[in-house]
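*Asks:* The following block contains the structure, expressed as structure tokens.
Values quoted throughout were computed directly from the atomic coordinates according to the rules given, and no laboratory measurement underlies them. Quick caveat: nothing in here was measured; it's all calculated off a predicted structure.
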Amino acid sequence: MSYQPDNIFAKILRGEIPNDTVYEDDEVLAFRDINAQAPVHVLVIPKGEYISLDDFTQGASAEVVGRFFQKVAEIARQLGVDGEGYRVIANTGHNGGQEVPHFHMHICAGRRLGRMIAQG
Ligand code: 5GP
């Protein structure tokens, strides 16, 4: 499957759809999830066209991948959730429950989160 430029996060990156940005630089955009599953629910996406974690880590340089993950942790600190803790999730592909085919990491925080994987 090739990258689909009409996906919702590509539209957000192009400014075609508004978003509640919490962090932005040349490589990364972080914004609040429209359907928050926790008091703090932020999505972090690379600006490059990558479908999934697999695509990103194979297609981007080690430097870009490294900086991305450093920024995920930096954004969590900026959100002030590092003290009490948080969860990062990268749903990948069909069984992973990925809905938007532009690589993203969820940062969820603000309450004690439940079991890692819902049963059923
Ligand atoms: P996935 O299931 O692909 O890991 O997660 C996609 C996430 O994107 C979901 O949590 C969903 O609520 C969020 N989302 C979908 N459309 C939009 C949108 O237009 N704006 C924002 N901010 N989040 C969105």
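*Asks:* Taking the chain as the reference, fit the longest principal axis to its C-alpha atoms, fit the long axis of helix 62-79 to the helix C-alpha atoms, and give the angle between the two in degrees, 0 to 90, nearest 10.
*Replies:* Tilt relative to the chain: about 40 degrees.
*Asks:* Rounded if a/c is under 1.5, else prolate if a/b is larger than b/c, else oblate: which is the stretch 8-109, with a ≥ b ≥ c the root eigenvalues of its Cα gyration tensor? Walk me through the numbers before you get to the answer.
*Replies:* Details: a/c = 1.29, a/b = 1.20, b/c = 1.07.
Taking the square roots of the gyration eigenvalues as a ≥ b ≥ c, the stretch 8-109 is rounded.
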